[in-house]
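Reviewing the structure listed below.
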Amino acid sequence: MNLLCIIFLTIMKLHQSPVVASPLRITDIPSQPHVGLSEADRKFAEEYLQHFYGYQAKSDRQKRAVDSNEDLNWTTGLCDKVKKMQRFFGLPPDGELNEETLTVMKKPRCGLSDVEPYEDTFRWTHRTLSYTITRKNLPFPAMKIHKVIKSALMLWSSVSLIKFRKRKQREADIVVAFVNRDHGDRAAFDGKGGILAHAYLPGSGIGGDVHFDTAEDWSLNFTGISLPVVAAHEFGHALGLSHSSDPGAIMYPAYNFVPSFELQLSFDDVRRIQHLYGINSNYPSLLLKRPPPRTPDKCDPDLSFDAVTELQQEVVFFKDRFMWRKHPNFVETRITLISSLWSDSVPSHLDAVYENVEKNVVLFFKGDQYWKLQQLNLQEGFPRNISDLGFPSRIKSVDAALHFRSHRHTVFFTGHECWKYNEQLGMMEGSPALIEKQWPGIPFPIDAAVVYDGFVHFFRGNKQYKYDFVQNHIVSVSNSNVMMDCEMETSNDAKL
């Protein structure tokens, strides 16, 4: 039995909440239980699990039984809820209330439960929906608010058979309001941060209504808390959609958008709304012009990676703004967002990543810049130019970084060359070598490289090259995602 699951007994009464929506993030630290957890954190976590994962607090009698060690079985219910939450957000599902899991819980997010599927249960029976916007407490001029709301609704109507028309009077299928704290629907907002907005499922009365928290620092673009992004998410709920565990979806229950994000429905969002309301006749032409983005599939035989690294006990695979975390103690290799783990300190579409365990830092490379983080915090003075590491001005980017923990050095790959960097001295050793001479048989330029299970694994396109760096030869060639819990055949053609 988990120690944290035994001591985690604080009960906090929770207001009944409507369907809500907004977003979250994640953070990585060794997955050990944080025994020094404060009472406030334990109370917060239990409330979170009650609200979003259906955890039921036990009675005083049951709590006394736990205190007297007479009956500890009920605590497994709490651990199960922690595991369920961890799986949803791509965390190692160990059931521990560690710092990483708490960090996820504390991020701004949606008030709708993540585990109650209700699609096909709640939907509008008519296809033309009316909406109105109350004029109180608007964070921007009314015309700008109207433009945001109209654009968010059009995202959904452009791909499905739902249509919207604006009404001036208060009575409408969907009433949009900006409210604060306790606003009369038994779902009080919690101030800045936390829940950003909430929406009610299709139905009469309050059904379909959308409420935004006026305490938030709303913006009209994709900096800060973007009103267009949150509005698009909320209207998905108002139409009957539940949360999605796909981190690339608008309906993902975490605020995961960066300034460079282009607001559009994902493939998952489009598929689900069309299942409820049918396909817009104009959609095929839209599909040709601008197909909805798909979240990378770890079992796609054509999958390639931007970077791969060891991280603590895990191997982490990076692709666009996503990553997969392979942990030795868990069969599942689940996808999450780079921004979920390292907030906005780290860019997407990375070139290379590696962890220096001895110095307890992780380095990220993109273009001619690199970022250094320690304990998830960006170090002062970063990002810096890669020339600080000793690269000449002709080197504009790094293709891959291969860190050897036991040897305390890192090999950087740039085009057809590789460079040896002494981590202790903080300098390059000698001149660059040719990849074809230093690593015979490895094609270049490479995409990523990592030391794993006693071998070096090179990645180029959809191929992975398993390399014996003692004997200096390729052991095998396979699909790039052979480590990702997918049934992939290893090619024997390259075995020597």
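The values are calculated or read from the model by the stated rules, or taken from the named source; none is laboratory data. The structure displayed is predicted, hence computed values, not measured ones. Reconstructed Cβ throughout: ideal geometry from the backbone, glycine too, with neighbour counts over all protein chains shown. Accessible surface is based on the protein model in full, side chains and every heavy atom, while ligands, DNA and RNA are left aside. Shrake-Rupley method; radii C 1.70, N 1.55, O 1.52, S 1.80 Å.
Kindly give the semi-axes, whole Å and largest first, of the ellipsoid equivalent to segment 255-411, taking each as the square root of 5 times a Cα gyration tensor eigenvalue.
Working: eigenvalues 238, 70, 41 Å².
For segment 255-411, the semi-axes come out at 34, 19, 14 Å.
Kindly rank 299-310, 369-380, 278-289, 174-185 from highest to lowest mean number of other beta carbons found within 10 Å of each residue.
Working: 299-310: 19.6, 369-380: 15.1, 278-289: 11.9, 174-185: 17.7.
Going by the mean number of other Cβ atoms within 10 Å, highest first, we get 299-310, 174-185, 369-380, 278-289.
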Spacing of the two label points (7 Å from each Cα toward its C-beta) at ARG271 and LEU220, in nm: 3.6
Column: log10 I(q)/I(0), Debye, Cα scatterers of segment 335-384, q = 0.13 Å⁻¹: -0.27
Structure-based [θ]222 nm, the chain - -39500 (n - 2.57) summed over DSSP H runs of at least 4, per residue, nearest 500: -6000 deg cm²/dmol
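In whole percent, and with a 1.4 Å probe on the protein chains, what portion of the accessible area of the chain is carbon and sulfur? Show your work: numbers first, answer last.
On the way: 10910 of 22320 Å².
Carbon with sulfur: 49 percent of the solvent-accessible area.
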Pairwise FRET efficiency - SER285 versus SER387, Cβ, R0 = 56 Å, nearest 0.05: 0.70
LYS437 paired with ARG408, simple spin-label distance in nm, labels 7 Å along Cα-to-beta-carbon: 2.8
Segment 325-361: GluC sites (Glu not before Pro) falling in loop per DSSP and having at most 11 other Cβ within 10 Å: GLU358
Cα coordinate range in the chain, projected on the principal axes (Å, largest first): 75, 67, 45
Binned Cα-Cα distances of segment 181-284, short to long, each 10 Å bin given as a whole percent: 14, 43, 34, 9, 1
Two-site label geometry, GLN374 and PHE44: point separation in nm, points 7 Å out along Cα→Cβ: 2.5
Computed E for ASP453/MET428 - FRET, C-beta separation, R0 35 angstrom, nearest 0.05: 0.80
